Amino acid sequence: MSGHQDTIVKFQNIQKTYDGEVYVVKNLNLDIRRGEFLTLLGPSGSGKSTCLMMLAGFESPTSGLIALDGKALNHTPPHKRDIGVIFQNYALFPHMTVEENVAFPLLIRKTPKHEIAKKVKRALDMVQLGHLGNRRPAQMSGGQQQRVACARALVFEPQLVLLDEPLGALDKKLRESMQLELKHIHENLGVTMVFVTHDQGEALTMSDRIAVFNDGIIQQIDDPATLYDEPANEFVASFIGETN
Ligand code: ADP
Ligand code: MG
């Protein structure tokens, strides 16, 4: 109440170097609010994916602390984090059917067998693919494959979903309809979403807040209108002002 914002994720003094020399994330501090749609926006190479991968657990911070619900995550493997991930290239298992792909996170989390079919059906219905469960990824369009990836990320009802340029490979029209679909899912489930993009327009239309990255540093974090009207520095002003 009284304007208090509940924090779900805390990045505290996070630094990351892959080679021991160049820091691609530099002393990053970030509070993610429960239930928000937060976008990490910035040019290629600015450290957005690295931040997402550290939160998902696929990369480790060189120093600093990441906490989920107040608990430090540093030694928690990815599948023990209550986090769903959607990648740009979908990363579906080609030898599995759609249903098997979506069931996979439930299997590794040892979900009771009788619940699996029900949860898979619910997740596929949510992305309007209930009728294509027996297909394999190669038999589906790019948009459909991304919907499967979305169902797979949501099927275990994580409290946090990470999306790394999920719409980058789609054409403009499909991208716009998928943007709306993701927003609906965000609103209907009340789940926290962290979305990575280098597309200013996409960030401005989808986000509750946007963190503008450049060179491993958050330049500004604000709601879209404030970013647009009151950019904190030259970089933010020119990057937000760019149109594709
Ligand atoms: P973004 O997602 O904003 O494009 P990344 O987080 O992918 O940026 O990359 C930030 C920097 O880290 C880039 O210079 C990139 O080349 C480097 N980098 C990313 N992943 C690796 C890796 N696995 N090994 C070495 N360098 C990497
Ligand atoms: Mg990236």
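The values are calculated or read from the model by the stated rules, or taken from the named source; none is laboratory data. Computed from a predicted structure; not experimentally measured. Cβ atoms come from the backbone with ideal geometry, glycine included; neighbour counts cover every protein chain shown.
Just one of L174, L182 is surrounded by fewer than 18 Cβ atoms within 10 Å (Cβ to Cβ), at pLDDT below 95, more than 16 Å from ligand 2 (Cβ to nearest atom) and of a type in the set (A, V, I, L, M); which is it?
From the options L174, L182, the qualifying one is L174.
Tell me, yes or no, whether region 91-112 has at least one residue that is within 16 Å of ligand 1 (Cβ to nearest atom) and modelled with pLDDT under 95.
Within region 91-112, one or more residues are within 16 Å of ligand 1 (Cβ to nearest atom) and modelled with pLDDT under 95.
As an exercise: evaluate E157 against (1) within 16 Å of ligand 1 (Cβ to nearest atom); (2) on the phi > 0 side of the Ramachandran plot; (3) of a type outside the set (S, T, N, Q) and give the number of the one condition it does not meet.
Just one mismatch for E157, condition (1).
Given the options D208, D164, D199, name the one that is surrounded by fewer than 19 Cβ atoms within 10 Å (Cβ to Cβ), within 29 Å of P94 (Cβ to Cβ), of a type outside the set (F, W, Y) and in contact (Cβ under 8 Å) with a residue 40 or more places away in the chain.
On inspection, the qualifying residue turns out to be D199.
In this structure, does L40 turn out to be within 12 Å of ligand 1 (Cβ to nearest atom) and surrounded by 15 or more Cβ atoms within 10 Å (Cβ to Cβ)?
So L40 fits the description; yes.
Can you name every one of the strands (runs of 3 or more DSSP E) wholly within region 32-143 that holds 3 or more residues which are away from ligand 2 (no atom under 16 Å from the Cβ)?
63-68
Scan (1) in contact with a strand residue (DSSP E or B) (Cβ under 6 Å, 6 or more places away or on another chain); (2) assigned to a loop (DSSP other than H, G, I, E, B) for the single condition K16 breaks and write down its number.
(2)
Here is a yes/no grid of residues against (1) among the β-branched types (V, I, T); (2) in contact with a His (Cβ under 7 Å, 6 or more places away or on another chain); (3) in contact (Cβ under 8 Å) with a residue 12 or more places away in the chain:
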| site | (1), (2), (3) |
| --- | --- |
| I66 | yes, no, yes |
| A72 | no, no, no |
| T76 | yes, no, yes |
| H79 | no, no, yes |
| F87 | no, no, yes |
| F104 | no, no, yes |
| L107 | no, no, no |
| K110 | no, no, no |
| V120 | yes, no, yes |
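Go through (1) away from ligand 1 (no atom under 16 Å from the Cβ); (2) within 17 Å of F11 (Cα to Cα) one by one and return the number of the condition F58 breaks.
Condition (1) is where F58 drops out.
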